[in-house]
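Okay, structure first, notes after.
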Amino acid sequence: MAVRDTSDLPDANIESEAKYTGLAMATEKTFYLETFGCQMNAHDSEKVIGTLQQQGYRQVESEGEAGLILYNTCSIRDKAEQKVFNRLNDYKKLHKSGKRFGVLGCVAQQEGEKIFERAPYVSLVSGSASYRKLPEMLVRLEAGESRITGLDDRQTDETFETEFTARQNPYRGYITIIEGCDKFCSYCVVPYTRGKERSRGSSSVLAEARRIVDQGYTEIQLLGQNVNSYRDPEGKSSFAELLAAVGQVHGIRRVRFTTSHPRDFTRDIVEVIDAIPTLCDHIHLPVQSGSNRVLKMMAREYTREWYLERIGWMKAARRQISLSTDIIVGFPGESEDDFISTMDLLAEVQYDCVFGFKYSARPNTPALTMIDSIPDSEKAKRLQVLLDRQREIQRINYSKQIGEIIEVMVEGLNPAREQIAGRSSQNKPVNFSSPVLIAPAPGSYAKVKITAAFPNSLVGEAI
Ligand code: SAH
Ligand code: SF4
Ligand code: F3S
């Protein structure tokens, strides 16, 4: 139980003070929320926290202190899903002391009411497409109901907009511009866990961008499973136009966006990055595989050549745009030659960052019917070969920046190296020392001269 500060209680003898505290403990609504998964989930949690606070709940730092324990879950790979059930299992004994459990997010939507079977002490199961009904679900929870579900069946057209976002990130303001996904890549759970694709009106996005600046943020990240599939329901802006408009909001210094899909990636996105300096010179464009045969089995709806044409636009830009990607190794039927095609693509593109994953068979997905033919040891080997090769590419790429002076946004301290940790506009981590003794606040900017480079970060000195 948490130690409570009772100094604000009225003067009284110890006995009545204890009673008063007991009353407050009984009526105070507290919650603990842990988030797994992607930035969409991180931002959903900011909205969930704001909604709970609006309903009179106070956020606490541990399961032990909380009356309501919530996990906002991820189901993208089997390991992510297992983490959630392990966590529920670790804390299930708390149920006996009257604590309630809720499972939110992608595992909630995917498993639905089956969660009540696997973890009977869970009272609330809600997917992200139902969060707008959270206040109502909380009222039912407080009334003692024990099996409350908010599950979407891919029908909803609504987005979750709330004025009560409790922003947790001290230097980056997230804005969701598009929810759900209609792409149905053969390996992926997202179309089943996040509902159908639906965009938010551009006026509402711009109004939120202005509000974020008023709150003191200078960096905004636009979010969506496929941001560039954005279709303005007001019919005013294409994705590139929206990006440009957000970049020109007074007070904004950095705009990022994730994730782009190669199928819908248009040239005007590169053109606005070239034209508007606040748009960060970084594009994350997941390729998944360098082999046309595998891309077809993945149902990615583009070829290697189509992808490389778009990379060509980025490389031809006036600004030097940093590129990153996601790759899956060991997709069912991926041959040694297919894998070599992916390795060749790495050499050709020269990314600054690659997120590599071993294929993981997922519920509901079409790839589940394909034979998961590559043994885990072979997947692990391919992943290692890929990451080793990419490390060498990055070692060379990053070292080219030694001697440059770049602008870094401060994110915090790097205690291991006793340096200030930040990020360049190109999204590269930069650790730097400063002659000023007081560490600058997260979200402030410094000009840094780069003095050394590692494969995953730059090192420098503030000037
Ligand atoms: N919407 C984004 C990616 C979302 S998921 C896109 O289309 O690119 C993030 C990454 O997880 C994916 O890019 C993919 O590389 C990886 N991923 C998704 N499903 C996976 C699976 N079943 N096994 C392994 N990796 C997977
Ligand atoms: Fe998943 Fe494909 Fe949608 Fe990305 S585009 S979220 S990989 S189905
Ligand atoms: Fe995971 Fe759901 Fe995001 S599956 S990656 S939390 S969209």
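Starting from the stretch 224-235, keep only residues that are in the same structural domain as THR259 (by TED's automatic domain parsing), then list their pairs with residues that are within 16 Å of ligand 3 (Cβ to nearest atom) and part of a helix (DSSP H, G or I) whose Cβ atoms are within a distance under 9 Å, requiring at least 6 positions of separation or different chains.
GLY224/MET40; GLN225/MET40; GLN225/VAL190; GLN225/PRO191
Hey, can you tell me all the residues within the stretch 413-425 that are free of Cβ contacts under 8 Å to residues at least 60 places away in the same chain, surrounded by 13 or more Cβ atoms within 10 Å (Cβ to Cβ) and of a type in the set (Gly, Ala, Ser)? Quick ask: steps written out before the conclusion?
Narrowing the stretch 413-425 to residues free of Cβ contacts under 8 Å to residues at least 60 places away in the same chain: 413-424.
Those still in the list that are surrounded by 13 or more Cβ atoms within 10 Å (Cβ to Cβ) too: 413-414, 417, 419-424.
Those that are free of Cβ contacts under 8 Å to residues at least 60 places away in the same chain, surrounded by 13 or more Cβ atoms within 10 Å (Cβ to Cβ) and of a type in the set (Gly, Ala, Ser): ALA421, GLY422, SER424.
Name every residue in the stretch 34-45 that is buried (at least 21 other Cβ atoms within 10 Å of the Cβ) and more than 10 Å from ligand 3 (Cβ to nearest atom), in order of residue number.
HIS43, SER45
Being assigned by TED's automatic domain parsing to the domain that holds SER186, polar (S, T, N, Q) and under 24 Å from the mean Cα position of the chain (by Cα) is true for just one of SER289, SER260, SER322. Which residue is that? Steps first, please.
Values: SER289 fails: assigned by TED's automatic domain parsing to the domain that holds SER186; SER322 fails: assigned by TED's automatic domain parsing to the domain that holds SER186.
Exactly one residue qualifies, and that residue is SER260.
Please enumerate the residues belonging to the stretch 175-199 that are in a helix (DSSP H, G or I) and near ligand 1 (Cβ under 9 Å from one of its atoms). Walk me through how you get there before you give the answer.
Let us first name the residues in the stretch 175-199 that are in a helix (DSSP H, G or I), namely 190-193.
VAL190, the sole residue that qualifies.
Residues ILE402, ILE406: which one is surrounded by 15 or more Cβ atoms within 10 Å (Cβ to Cβ), of a type in the set (Val, Ile, Thr) and on the phi < 0 side of the Ramachandran plot? Walk me through how you get there before you give the answer.
On the way: ILE402 fails: surrounded by 15 or more Cβ atoms within 10 Å (Cβ to Cβ).
None of the others qualify; the one that does is ILE406.
So ILE396 fits all but one of (1) without any contact (Cβ under 8 Å) to a residue 12 or more places away in the chain; (2) within 26 Å of the chain's Cα centre (by Cα); what number is the exception?
Condition not satisfied by ILE396: (2).
Quick check, is THR156 more than 16 Å from ligand 2 (Cβ to nearest atom), out of contact with any Phe, Trp or Tyr (no Cβ under 8 Å at 6 or more places or on another chain) and outside the structural domain of PRO366 (by TED's automatic domain parsing)?
Numbers: more than 16 Å from ligand 2 (Cβ to nearest atom): yes; out of contact with any Phe, Trp or Tyr (no Cβ under 8 Å at 6 or more places or on another chain): yes; outside the structural domain of PRO366 (by TED's automatic domain parsing): yes.
When the stated conditions are applied, THR156 passes them.
Looking at GLU378, is it touching a Gly at 6+ places or on another chain (Cβ under 7 Å), away from ligand 3 (no atom under 16 Å from the Cβ) and in a helix (DSSP H, G or I)? Lay out the reasoning, then the answer.
Details: touching a Gly at 6+ places or on another chain (Cβ under 7 Å): yes; away from ligand 3 (no atom under 16 Å from the Cβ): yes; in a helix (DSSP H, G or I): yes.
Yes, satisfied.
Where in the stretch 59-129 are there helices (runs of 4 or more DSSP H), lying wholly inside it, with at least 1 residues that are away from ligand 2 (no atom under 16 Å from the Cβ), surrounded by fewer than 18 Cβ atoms within 10 Å (Cβ to Cβ) and not basic (Lys, Arg)?
Details: elements: 78-91, 105-111, 114-118.
Output list reads 78-91, 114-118.
Output the residues belonging to the stretch 294-303 that are more than 10 Å from ligand 1 (Cβ to nearest atom), charged (D, E, K, R) and either within 19 Å of LEU383 (Cα to Cα) or not in a helix (DSSP H, G or I) (or both).
The answer is GLU301, and nothing else.
Where the second residue is near ligand 1 (Cβ under 6 Å from one of its atoms) and not in a loop (DSSP other than H, G, I, E, B) and the first is over 18 Å from SER322 (Cα atoms) and at pLDDT 95 or above and lies in the stretch 351-362, which pairs have Cβ atoms under 9 Å and are six or more apart or on separate chains?
Within 9 Å, the pairs are PHE357/ASP326; PHE357/ILE328; LYS358/ILE328; TYR359/ILE328; SER360/ILE328.
For the stretch 396-441, which residues satisfy the criterion of being of a type in the set (Asp, Glu) and assigned to a loop (DSSP other than H, G, I, E, B)? Please lay out each step first, then the result.
At the first step, the residues of the stretch 396-441 found to be of a type in the set (Asp, Glu) are 404, 407, 411, 418.
Answer for the stretch 396-441, where residues must be of a type in the set (Asp, Glu) and assigned to a loop (DSSP other than H, G, I, E, B): GLU404, GLU418.
Within the stretch 135-174, track down each residue that is touching a helix residue (DSSP H, G or I) at 6+ places or on another chain (Cβ under 9 Å), part of a loop (DSSP other than H, G, I, E, B) and among the hydrophobic types (A, V, I, L, M, F, W, C).
LEU151, PHE160, PHE164, ALA166, listed by residue number.
Go through the stretch 180-205 and give me each residue that's acidic (Asp, Glu) and within 13 Å of ligand 3 (Cβ to nearest atom).
Residues of the stretch 180-205 that are acidic (Asp, Glu), as a first pass: 182, 197.
Of everything in the stretch 180-205, just one residue is acidic (Asp, Glu) and within 13 Å of ligand 3 (Cβ to nearest atom), namely GLU197.
Does PRO429 count as outside the structural domain of ASP214 (by TED's automatic domain parsing), at pLDDT 95 or above and under 26 Å from the mean Cα position of the chain (by Cα)? Break it down into steps so the answer makes sense when it comes.
Values: outside the structural domain of ASP214 (by TED's automatic domain parsing): yes; at pLDDT 95 or above: yes; under 26 Å from the mean Cα position of the chain (by Cα): yes.
Yes, satisfied.
The values are calculated or read from the model by the stated rules, or taken from the named source; none is laboratory data. No experiment lies behind these values; they were computed from the predicted model shown. Here Cβ is always computed from backbone atoms with ideal geometry, including for glycine, and neighbour counts include all displayed protein chains.
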